[in-house]
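The values are calculated or read from the model by the stated rules, or taken from the named source; none is laboratory data. Since we're looking at a predicted model, the values are computed, not measured. With ideal geometry, Cβ positions are generated from the backbone for all residues, glycine too; neighbour counts draw on all protein chains shown. Just so you know, the surface numbers come from the protein's heavy atoms only, side chains and all, with ligands and any DNA or RNA stripped out. Shrake-Rupley method; radii C 1.70, N 1.55, O 1.52, S 1.80 Å.
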Amino acid sequence: MTGRFSRSSPDIVHEDFDGDLVILNLQTGEYFGLNLAAATLWNEIMAGRDPTLAAGDAGTRFVGRLQELGLVIASDDPPETTAPLSLDAVPVVDVYSDLSDLILADPIHDVDEAAGWPKRPDEG
Amino acid sequence: MTWMRPQDGRSGLMRAEARYPVKERRIVFDEHNLVAAIERVLPDFEAIWQATPHQAEVTVAHGRFQLRSQHPDYLTQASRALASRGAPTRTTCRIAIVTLANPALTAPDWPTSTFRERPMEALLSETPYRLHYFPELQFWQIYDRDRAIGLQIMPTHDGFPPWDPGSPLRNFLQWHLGEETGSLLHGGTLGLGDRGVLLAGEGGSGKSSTVLAGIFGGLSSVGDDYVYVETDTLIARPLFETLKQDRAGLERLNRHTHPAIPQEDNWQGKRQFYMPDVAAWPMPEALPLCALLLPQITGGNRTALAPVTRKEAFLALAPSGVTQIHCDRQRLFRIAAEVSRQLPAYRLTLGTDPQEIVYVLRRFLEDR
């Protein structure tokens, strides 16, 4: 699994926060969090470079994970030239399943009368 | 994809259809004919607008919205909930609120079996059209950004979703007001003088309770649920006057017998009321933001503030708005990110005493 990769669709959007990334798949409502190492490889992909050449096995595993999550697809175009990367951590992609397409974000009851103010109604 | 408006808004088919009886004027939507279908419905707008008797006008976040409806009750309800303040500086948006039986309407229909919301939105993203369809209620909102005209179509005059009375025409507000540097965001606000905080978090985080405690405790607010935020100025503007709280929360605040707060629950089991009716003085037209706060109920006695990362702040601010405001989700995602990057963010661990919570927030705002 080498070569050039690209976002699987224009509906894969991301934002950078001090090096960490949050990705949203607008089609599915799924959110993903990338640590600094993963964000570095993501940016390599977005620049048209081959992460498997830049980061070896870590890059290969990362691309496999992104494909599994439906975030990138292989491209027919040749990759841009790349230099080896030194990652200071294992690239991690978190799947924020609890954020995926909240059905209603304002449920009943912020307050529990007996337990204090304010209090979640489902607390014991 | 480049979208180009056809020279003739009405197709030959439409002109032919005009000869048919009213009941035949129906257009079935699917993903393959989406733009064409919208372009068969929207030409009805001017005839509907002229024939719709009841009207209202509001100015929200500097946008003028002219509303017409077949029934006055909807306009009364919407005008009550919309925060109309200041003078308009943007183009005027016209929204007609009609029922499917309106004789001037080419009634839209989208079989539930073929309706997929996100792919539909993707298809419209490069066009000037915006669409929200709630199939369970046959509730439609169709908007043309170029012409600033919108149709809200309901099966009956009161066939709106249960959350609509609290935040009426919410999607239209976003579609008309949303721009490169501004968007609706799902969050509450509190302020002191010219300093304000944006409170973000999922339902049950204590956001609305905190805003209400602040309002009753002498702080200002431009909204407890949705506000319009400009990223170039970091100013929040009001959209809705609506406040919500359940009976127990109102009792904690000793406001459960307030004459302006109804005794009946809304669809969420909450009492719904309006800011001008309960606030001690008029609320501002704008609130400059100095921080993003993430309320959290822990059951502890003391209220405390602790810094959080921008990523944490973003993950509290973005998802609910992106989910609840339709057909402009990428803008909400981007604006929420921009706001999260610019504002210092703190976790607001809530104590159990509303007065103590307000005291902590007042001190925080005074120190900004």
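If you plug the beta carbon distance of residue B:79 and residue B:101 into 1/(1 + (r/R0)^6) with R0 = 22 Å, you get a FRET efficiency near 0.35. May I ask for the distance between the Cα centers of region B:90-167 and region B:219-296, given as a whole number of Å? Spelled out, the Cα-based centre of one part sits 27 Å from the other. Amide H contacts under 5 Å for residue B:110: B:29, restricted to partners 5 or more places along the chain or on a different chain, H placed in the peptide plane at 1.01 Å from N. If you sort B:346, B:228 by accessible surface, 1.4 Å probe, largest first, the order is B:346, B:228.
Shape index of region B:130-251: Rg/Rh, with Rg the Cα radius of gyration and Rh the Kirkwood radius from the inverse mean 1/r over Cα pairs, equals 1.01. Looking at B:243, B:313, B:157, which one has the Cα that reaches farthest to the positive end of the dipole of the protein assembly as shown (charges on Cβ: Lys, Arg +1; Asp, Glu -1)? The one lying farthest along the dipole's positive direction is B:157.
Each 20 Å bin from zero holds the following percent of Cα-Cα pairs in chain B: 29, 54, 16, 1. Ordering B:138, B:127, B:89 by Cα displacement along the dipole of region B:18-177 toward the positive end leaves B:89 in first place; charges were set at the Cβ atoms of Lys, Arg (+1) and Asp, Glu (-1). A straight chain from residue B:285 to residue B:180 at 0.36 nm per residue would run longer than the Cα-Cα distance by 35.7 nm. Taking all protein chains as shown and a probe of 1.4 angstrom, residue B:136 keeps an accessible surface of around 140 Å². Taking every DSSP beta bridge that has both ends in chain B, the antiparallel portion is near 65%. Over the protein assembly as shown, the alpha carbon radius of gyration divided by the compact-protein estimate 2.2 N^0.38 Å works out to 1.04.
Were the residues from residue A:57 through residue A:28 laid out at 0.36 nm apart, the gain over their Cα-Cα distance would be 7.5 nm.
Placing a label point 7 Å from the Cα of residue A:96 along the Cα-to-Cβ direction, the residues of region A:9-51 with a backbone N closer than 14 Å are A:13-18, A:20-26, A:29-35.
Across region B:183-367, the convex hull enclosing all Cα atoms gives 106 Å³ per residue. Based on C-alpha pairs under 8 angstrom that are at least 6 apart in sequence, region B:261-368 has a relative contact order of 35 percent.
Per residue of peptide A:90-96, the mean number of Cβ atoms on other chains within 10 Å of the residue Cβ is 0.
Spin-label model, residue B:342 to residue B:115: label points 7 Å out along the Cα-to-beta-carbon direction sit 3.6 nm apart.
Just checking the listed ones, B:322, B:308, B:227: in the Gaussian network model of chain B with Cα springs under 10 Å, the one fluctuating most is B:308. Rolling a 1.4 Å probe over the protein chains gives residue B:233 an accessible area of about 70 Å².
Note on surface exposure: B:163, B:281 rank B:281, B:163 by accessible area, highest first, 1.4 Å probe.
About its Cα centre, the dipole of chain B is roughly 280 debye, where the only charges are +1 on Lys and Arg Cβ and -1 on Asp and Glu Cβ. Gaussian network model of chain B, Cα springs within a sub-10 Å range: biggest mean-square fluctuation belongs to which of B:352, B:181, B:112? Sorting by GNM fluctuation, first place goes to B:112. Contact order, relative form, for region B:18-177: 25 percent (alpha carbon pairs under 8 Å, 6 or more residues apart, mean separation divided by residue count).
Working from label points 7 Å from Cα in the Cα-to-Cβ sense, the residue B:54 to residue A:16 distance is 5.2 nm. Here the Karplus relation 6.51 cos²θ - 1.76 cosθ + 1.60, evaluated at θ = phi - 60°, turns the backbone of region A:26-41 into coupling constants of 5, 6, 10, x, 7, 10, 9, x, 10, 6, 4, 5, 5, 5, 4, 5 Hz, with x for every Gly and Pro. Taking every Cα-Cα distance in region B:112-166 and sorting them into 5 Å bins starting at zero, the pair-distance distribution P(r) comes out as 4, 17, 24, 24, 19, 10, 1 percent.
Relative to its residue count, region B:18-177 spans a Cα convex hull of 110 Å³ per residue. Rounded to the nearest 20, the size of the Cβ-charge dipole of region B:18-177 about its Cα centre is 420 debye, with Lys and Arg at +1 and Asp and Glu at -1. If only the Cβ of Lys and Arg carry +1 and only the Cβ of Asp and Glu carry -1, the dipole of the protein assembly as shown around its Cα centre is close to 1080 debye.
DSSP beta bridges confined to region B:18-177 are antiparallel in about 55 percent of cases. Within region B:183-367, antiparallel bridges make up roughly 70 percent of the DSSP beta bridges whose residues both belong there. Estimated purely from DSSP H runs of n ≥ 4, each contributing -39500 (n - 2.57), the mean residue ellipticity at 222 nm for chain B is -8500 deg cm²/dmol once divided by its residues.
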